[in-house]
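Here the structure comes first, spelled out in structure tokens, and everything after it is commentary.
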Amino acid sequence: MRQDQSTDKKLVKKVLEGNSNAFKTIVVNTQGLVVQIIYKMIKNQEDREDLAQEVFLKAYDKLGSFKFNSKLSTWIGTITYNTCLNFLEKKKILILNIDEDGLESWDLIDRKVLGNSNSQVDSHILRKEKHQIIASEIENLPPLYKTLISLYHNQELSYKEIGEITSLPEGTLKNYLYRARKQLKNNLLGKYKREDL
Amino acid sequence: MKNKHLIDSEIQQFAFDESECEKDVVEHMSSCSLCKQRVEDYVLLSTSIKSIPDPALGFDLSKRVLMQLETSSKKKPLLDYFVYALITLSGLLVGFCVACFSLFCINWFKGNSTVSMAFIICIALSILMILINDIMKSHRRKMKMLKF
């Protein structure tokens, strides 16, 4: 973390002195996280491309106000997440649409899976999953769930870092992650059963 | 030790945050093949998610951002001159208005009763307070978004 911070400080200092190559390094280092968040929150490709640029232009403008209380990548991740939130808010798209009935039905599916004792079959199905199927099922999750799953499993960020990006308390964050994984797992198992696998 | 099967959140906690699990959960896991299987399912799901290739934009993002930065920095001085010119013009216009209407304003203030003056001042202050409150709220919201 300390090494990260000193590298961040050097880069930020160079950018503030007018070195555009240093900002290029920041873009290259953090675009993976930025693109990952944008792709999970936003569906339209053109909007994704515009937002990716907007995020870095905002980061450039606000770089002088960065206080090094977190990693630079986390700070840029926060800008990305908030930019996407604002965009979705303008388009009146909900980032999370949970109804209690839905939650109950997930529990029922899970219990049914357990009750039937088909776990070996289910596990076999899971082992057979190709990443395209999982990717398309992740696409069907609400934007917030998609983002949390990708930050935790793809970007391998800690709860603390994800909490900083999304401004969610750790307990809420874990709870959302549990629900997201459960919904994903149940959707996968449900679909495969329907196809009589 | 727990005799009942673990609930889903406990299964996921064991799969991803084992160190945070309660002792009876860990003990149950050591002897229950069904719950072990459920943990394996989640671990497998996690591995599959990790194997999904990262999304990528179809262009060089850094190049495009730097190009935009260069364009906007070139545009800035012109924009600055325009803003300064606008401020100067507004100042001149306000000065002209004050000079023209000062006599009228003085007469108008003298002609009104104290009660109606107090009424006008109260309304003006209320509007001012509402505007300041709105500005503060939006400022706080923006600062919260970049609180680092």
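The values are calculated or read from the model by the stated rules, or taken from the named source; none is laboratory data. Keep in mind it's a predicted model, so treat the numbers as computed, not measured. Note that we place each Cβ from the backbone using ideal geometry, even for glycine, and neighbour counts take in every protein chain shown.
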Among (1) touching a Leu at 6+ places or on another chain (Cβ under 8 Å); (2) not hydrophobic (A, V, I, L, M, F, W, C); (3) not in a loop (DSSP other than H, G, I, E, B) - the single one B:His5 does not satisfy:
(3)
What about B:Leu34, is it surrounded by fewer than 16 Cβ atoms within 10 Å (Cβ to Cβ), aliphatic (A, V, I, L, M) and at the interface with another protein chain (Cβ under 9 Å from one of its Cβ atoms)?
yes
From the list B:Ser72, B:Ser62, B:Ser51, B:Ser46, exactly one residue is among the polar types (S, T, N, Q), within 30 Å of A:Gln31 (Cβ to Cβ), surrounded by 10 or more Cβ atoms within 10 Å (Cβ to Cβ) and more than 7 Å from chain A (Cβ to nearest Cβ). Which is it?
B:Ser72
Pairs only if they're at least six apart or on different chains, beta carbon under 8 angstrom, first in the stretch A:36-57 and at the interface with another protein chain (Cβ under 10 Å from one of its Cβ atoms), second acidic (Asp, Glu); list them, first residue then second.
A:Gln36/B:Asp54
Any residue at all in the stretch A:115-133 that is more than 28 Å from B:Lys36 (Cβ to Cβ), more than 10 Å from every other protein chain (Cβ to nearest Cβ) and modelled with pLDDT of 55 or more?
no
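Results for (1) away from every other protein chain (no Cβ under 12 Å); (2) free of Cβ contacts under 8 Å to residues at least 60 places away in the same chain; (3) not in a helix (DSSP H, G or I), shown as yes or no for each residue.
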| site | (1), (2), (3) |
| --- | --- |
| A:Tyr152 | no, yes, no |
| A:Glu156 | no, yes, yes |
| A:Lys160 | yes, yes, no |
| A:Gly163 | yes, yes, no |
| A:Thr172 | yes, yes, no |
| A:Asn175 | no, yes, no |
| A:Gln183 | no, no, no |
| A:Asn187 | no, yes, no |
Restricting attention to the stretch B:15-59, which residues are more than 14 Å from A:Ile149 (Cα to Cα), assigned to a helix (DSSP H, G or I) and small (Gly, Ala, Ser)?
B:Ala15, B:Ser19, B:Ser30, B:Ser31, B:Ser33
Counting only residues that are under 14 Å from the mean Cα position of the chain (by Cα), surrounded by fewer than 20 Cβ atoms within 10 Å (Cβ to Cβ) and among the charged types (D, E, K, R), how many does the stretch A:1-41 have?
0
Among the numbered conditions (1) touching a Leu at 6+ places or on another chain (Cβ under 9 Å); (2) in contact (Cβ under 8 Å) with a residue 24 or more places away in the chain; (3) more than 9 Å from every other protein chain (Cβ to nearest Cβ), tell me where B:Glu27 comes up short.
(1)
Residues B:Ala85, B:Ala15: which one is within 10 Å of chain A (Cβ to nearest Cβ), free of Cβ contacts under 8 Å to residues at least 40 places away in the same chain and of a type in the set (A, V, I, L, M)?
B:Ala15
Consider A:Gly64 carefully, then state whether it is at pLDDT 95 or above, more than 22 Å from A:Lys185 (Cβ to Cβ) and small (Gly, Ala, Ser).
no
